[in-house]
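Colleague: Following this message is one structure expressed as structure tokens.
Read-outs throughout are calculated quantities, based only on the coordinates presented, and are distinct from any laboratory measurement. Just so you know, these numbers come straight off a predicted model, no measurement behind them. Virtual Cβ from ideal backbone geometry, glycine too; neighbours counted across all protein chains shown.
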Amino acid sequence: MALLESKPGALGQTLPEFKLNDPFGNSYASNELAGPKGLLIGVTCNHCPYAKAVWGRLIDIAAQALSLGIKTVAINPNLNPAYPDDSPEAMKAEIKIRGINFPYLVDEDQSVARELGAVCTPEFFLYNSQNILVYHGRLDDNWQDEAKVTRQELLEAVKALGSGTVIAEDQRPAMGCSIKWVE
């Protein structure tokens, strides 16, 4: 497990156009995914301990975001044969076990993760209704122990976007396993 932090910057960039399938073969286009107030993208996977630790929190935030007009999608770029726990078949099981009720998509050629500038799992990108990146970073300040979280940065950004208030500019990098790039 190689620990990385996400790259700073990128705020203000436009959501790249993409079309990805979920592991069941359903197709989703980026221009059809957002809610009226925006789109939350989690670049994540099944095997990474950092990603595994926050899946439940992401699902909870997605429910709150939806009530504010922001939809959520998770994207798995780890389609490296060396990591079978991240395969589409394993994703199907993860969707069922965790009760994931938003699209969990397969970035088979890793092009979407590259366009987003993602480097680790989990890494979060929040876009407003104009498809402009307004938050990029971590979910909260304690990936290991939910009971010790003191700052819920992603949830705060989602609530600010949903209510039309200013999103904090102090955005901390995501921290997690490196994306398993296929060269």
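Colleague: How many nm separate the modelled label positions at residue 152 and residue 98, each set 7 Å beyond the Cα in the direction of the Cβ?
Modeller: 1.8
Colleague: Report the Cys residues of the chain lacking a disulfide-compatible partner, meaning no second Cys Cβ under 4.7 Å from their Cβ.
Modeller: 45, 120
Colleague: Going highest first, how would you order 102-110, 87-95 by mean Cβ packing within 10 Å? Write out the running numbers ahead of the final one.
Modeller: Working: 102-110: 19.3, 87-95: 17.2.
Highest mean packing first, the order is 102-110, 87-95.
Colleague: Moving on to the next point. Quote the relative contact order of the chain in percent (integer), defining contacts as alpha-carbon pairs under 8 Å separated by 6+ residues.
Modeller: Values: 397 pairs, mean separation 59.0, N = 183.
Over the chain, the number comes to 32 percent.
Colleague: Moving on to the next point. Which log10 I(q)/I(0) values does the chain give at q = 0.09, 0.18 Å⁻¹ under the Debye formula, counting every alpha carbon as one identical point scatterer?
Modeller: Ignoring solvent entirely, the Cα scatterers give -0.27, -1.20.
Colleague: Pop the C-beta distance of residue 115 and residue 83 into the FRET formula with R0 = 22 Å and round what comes out to the nearest 0.05.
Modeller: Efficiency for this residue pair is about 0.55.
Colleague: Mind checking which helices in the chain clear 20 Å along their axis (Cα) and have mean Kyte-Doolittle hydropathy of -1.0 or more, DSSP H runs only? Spell out each step's value before the answer.
Modeller: Values: long enough: 49-67 (29 Å, 0.49).
Long hydrophobic helices here: 49-67.
Colleague: Still on this structure: As a check on your grasp of the helix formula, calculate [θ] at 222 nm for the chain: sum -39500 (n - 2.57) over DSSP H runs of n ≥ 4, divide by the residue count, round to the nearest 500. Kindly include the intermediate steps, with their values, before the conclusion.
Modeller: Numbers: 5 runs with 51 residues, N = 183.
One gets -8000 deg cm²/dmol as the mean residue ellipticity at 222 nm.
Colleague: With a cut-off of at most 13 other beta carbons within 10 Å, and DSSP calling the residue loop, which chymotrypsin sites (Phe, Trp or Tyr not before Pro) in region 1-88 qualify? Please list them.
Modeller: Values: sites: 18, 24, 28, 50, 55; in loops: 18, 24.
Passing sites in region 1-88 are 24.
Colleague: Antiparallel versus total DSSP beta bridges in the chain: what percent is that, nearest 5? Please report the intermediate quantities before stating the final value.
Modeller: On the way: 20 of 29 bridges.
Counting only bridges with both partners in the chain, antiparallel ones make up about 70 percent.
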